Ligand code: NIG
Ligand code: FE
C-alpha cells in the first residue's frame, strides 16, 4: 500500500540533490520511501496523510547508549554537581544492581527506556552491554538488547570489575565472555581511558578489539573522554566505525580522524552531566571529520535519552549550526553505525522519519526542553 504525506512546512532530507524542501510531500510503500518533492507535484497514492504544516526530519539515530542496567546513581550525580569529579568508579555499583536484577526486570527497564527514546523521535538505537562484567551477565544483557535492536554492542571491557586481576579480566573478556556474547552482538567496544584506573589502556584496548574482530564483530571505541590518550588514534588505525566522546583531542588526533574513515561521535550530555569542558565540534568539522551526536544514555555520566537535548547542547555549547547538529544526530549516527538505509529521506531509503510540532528544524535548538516530537512511524 502506498501513502502520500502532505502538510509538510519543511522537509529536511539530507539528500544532496533534494536538500531542504518547503511545502513538501513524500510517498511511502510499506516502510520504504518511493518519492519526495514539492506538494504541487505529488503523485497519487492509496492513502493520504495530512501532517498539519509541520516540519519532518529523519528519525534520530542514537548510536551510543547503555540501556541494560538496574539501580540508581542520582546521589553520585548530586555529589558531582557539588564538585566531586567523575572517574568511572560508580560503574561497579551499577554492576551489582544489574547482576541482582532478574531477566524480566532488566527487559522491562530496557523496554521503558526505548519507549522514552521513541517518544522523543529516536527511531534507531544502539545498545551496549557493560554492566554485567561476567560471562553470564554480559551475555544476558546482550540477549535482552537484541530483542529491541540489531545494533548491539559487547562492552565487557567497560571497566575491570572489583576483585579480579586486570590481565585475568582481559583474558576472560577476549576468551569465554567474547564467545558467549558474540552471537548476540554486531559490535565490540572498549573504554580506552588510561586516565581512569578502572578502564583500559591502549595495549589492552588493542587486544580486546583485535579479538572481537577475529570473532566477527565490528569495532567502536570509547576514547579520550577524561583526558588525552591513545583511544582516537587506535580507533582510526584499526578502522573502527566510530570513536566516541573525543573530548580531549591533540592535533594528531584530529589529523588522524580527518585522514581516516572513523566517525567522531560527540556526547554532549556527558559534559553537561559531569560538568566538563565540551568537545570542540567546530575544530573537527572544519578539519573535515564526520561528526555524529548521540546521548550515551547511562546511569553514570548522562541519564538523558533525549536527542533533541543533545542537538540543543551541540548548538549552544559546541559551535555547531542547527543544520549540522541535526545532520550529526541522524545521518551522522547512521554513518557511525555503517547504515545506509536511514538518516536520509530520499527514494530508496527507509520511511524512517520524525514529525515535529514546529514549522522548521531550527526549533529543535530554539526551543530546548520543549517536547516538539509529534511522532515517529
Ligand atoms: O560512556 N565512559 C564510560 N562509560 C560510560 C559511563 C558509565 C557509567 O559511569 O556508568 C560513558 O560515559
Ligand atoms: Fe558510553
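The values are calculated or read from the model by the stated rules, or taken from the named source; none is laboratory data. What you are looking at is a predicted structure, and each value in this text was computed from that prediction instead of being measured. Reconstructed Cβ throughout: ideal geometry from the backbone, glycine too, with neighbour counts over all protein chains shown.
Brief remarks follow.
- Criterion: on the phi > 0 side of the Ramachandran plot, outside any helix (DSSP H, G or I) and under 21 Å from the mean Cα position of the chain (by Cα) - qualifying residue of 71, 88: 88
- The residues of the range 64-75 that are farther than 15 Å from residue 305 by Cβ, surrounded by 16 or more Cβ atoms within 10 Å (Cβ to Cβ) and more than 8 Å from ligand 1 (Cβ to nearest atom), listed by number, are 70, 71.
- Only one entry in 61, 56 is surrounded by 13 or more Cβ atoms within 10 Å (Cβ to Cβ), in contact with a helix residue (DSSP H, G or I) (Cβ under 9 Å, 6 or more places away or on another chain) and either assigned to a strand (DSSP E or B) or at pLDDT below 95 (or both), namely 61.
- Residue 171 at pLDDT 95 or above, within 15 Å of ligand 1 (Cβ to nearest atom) and in the same structural domain as residue 112 (by TED's automatic domain parsing): no
- Across the range 107-140, the number of residues qualifying as within 27 Å of residue 308 (Cβ to Cβ) and either modelled with pLDDT under 95 or in a helix (DSSP H, G or I) (or both) comes to 12.
- In the range 219-251, the residues that are assigned to a loop (DSSP other than H, G, I, E, B) and within 11 Å of ligand 1 (Cβ to nearest atom): 224, 225, 226, 247
- Of all residues in the range 351-372, those that are closer than 22 Å to residue 32 by Cβ, under 19 Å from the mean Cα position of the chain (by Cα) and surrounded by fewer than 23 Cβ atoms within 10 Å (Cβ to Cβ) total 0.
- Flag if residue 280 is surrounded by fewer than 24 Cβ atoms within 10 Å (Cβ to Cβ) and in the same structural domain as residue 220 (by TED's automatic domain parsing): yes
- Selection from the range 173-210 of residues that are in a helix (DSSP H, G or I) and out of contact with any strand residue (DSSP E or B) (no Cβ under 8 Å at 6 or more places or on another chain): 174, 175, 176, 179, 180, 183, 203, 206, 207, 210
- When the range 175-194 is limited to residues that are within 23 Å of residue 225 (Cα to Cα) and either free of Cβ contacts under 8 Å to residues at least 60 places away in the same chain or not assigned by TED's automatic domain parsing to the domain that holds residue 241 (or both), the one that is farthest from ligand 2 (Cβ to nearest atom) turns out to be 194.
- Looking across 199, 256, one residue alone is assigned by TED's automatic domain parsing to the domain that holds residue 157, crowded, with 17+ Cβ neighbours inside 10 Å, within 16 Å of ligand 1 (Cβ to nearest atom) and modelled with pLDDT of 95 or more. It is 199.
- Near pairs, Cβ below 7 angstrom, 6+ apart or cross-chain, from the range 68-96 (under 16 Å from residue 155 (Cα atoms) and in contact (Cβ under 8 Å) with a residue 60 or more places away in the chain) to any residue that is part of a loop (DSSP other than H, G, I, E, B) and away from ligand 2 (no atom under 16 Å from the Cβ): 92/161; 92/162; 94/71; 95/161
- Selected residue (criterion: nearest to ligand 1 (Cβ to nearest atom)) from residues of the range 97-106 that are part of a helix (DSSP H, G or I) and exposed (fewer than 14 other Cβ atoms within 10 Å of the Cβ): 100
- Taking the range 6-24 as the range and being closer than 19 Å to residue 350 by Cβ and in contact with a strand residue (DSSP E or B) (Cβ under 8 Å, 6 or more places away or on another chain) as the test, the residues that pass are 8, 11, 12, 13, 14, 15, 18, 21, 24.
- In the range 259-330, counting only helices (runs of 4 or more DSSP H) that sit wholly within it, the ones holding 1 or more residues that are within 16 Å of ligand 2 (Cβ to nearest atom) span 268-274, 307-318.
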